[in-house]
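The values are calculated or read from the model by the stated rules, or taken from the named source; none is laboratory data. Note that the structure is a prediction, hence the values are computed from the model and not measured. We place every Cβ from the backbone using ideal geometry, glycine too, and count neighbours over all the protein chains shown.
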Amino acid sequence: MKAQDVLPDGADFTVVNGRTLRKGSVGAFLANVRILEDASASAADRHAAEQDLVSLIPALDALGLFDVFELRSPSLRDEVARHRSALSPAPAAASPNA
């Protein structure tokens with residue numbers, strides 16, 4: 001599959017599993033990770049990057065990015081997992097008669 005098969009030329013977004021995925025979402029996620037891992041980044045830049053990164057998690061989760069790639073940074077992996085678990089509906093309670 002080629003990039004234009006996923007997002008044709010001239011299109012700025014696609015809908016995947018009910019979530020809008022904008023062109024550039026994966027690149028933006030990577031750029032925010034780089035800022036968060038940059039010890040010389042200012043607190044304001046780190047805060048903005050964290051907020052932007054978190055806002056991308058639902059779309060990237062719908063895309064299946066985190067099912068294919070494992071994040072190397074343990075703290076980032078934990079942060080993404082925490083936000084992903086908040087996206088998932090709580091499991092149904094077991095029936096007392098089961």
Cβ-Cβ under 6 Å, sequence separation 6+ or interchain: first residue in region 2-24 and among the charged types (D, E, K, R), partner assigned to a loop (DSSP other than H, G, I, E, B) and surrounded by 10 or more Cβ atoms within 10 Å (Cβ to Cβ). Which pairs? Asp12/Lys23; Lys23/Leu7
The one condition Leu60 fails out of (1) at pLDDT 95 or above; (2) surrounded by 11 or more Cβ atoms within 10 Å (Cβ to Cβ); (3) part of a helix (DSSP H, G or I) is (1)
Is there any pair linking a residue in region 62-85 that is within 20 Å of Asn17 (Cβ to Cβ) to one that is surrounded by fewer than 14 Cβ atoms within 10 Å (Cβ to Cβ) and not aliphatic (A, V, I, L, M), with Cβ under 6 Å and at least six apart or on different chains, and which? Ala62/Asn17
Could you tell me which numbered condition Leu36 fails, if it satisfies all but one of (1) in contact (Cβ under 8 Å) with a residue 12 or more places away in the chain; (2) exposed (fewer than 14 other Cβ atoms within 10 Å of the Cβ)? (2)
Residue under evaluation Ala11, criteria (1) surrounded by 14 or more Cβ atoms within 10 Å (Cβ to Cβ); (2) small (Gly, Ala, Ser); (3) out of contact with any helix residue (DSSP H, G or I) (no Cβ under 8 Å at 6 or more places or on another chain); (4) not in a helix (DSSP H, G or I), criterion not met: (1)
Count - residues of region 8-51 that are among the aliphatic types (A, V, I, L, M) and touching a Leu at 6+ places or on another chain (Cβ under 8 Å): 8
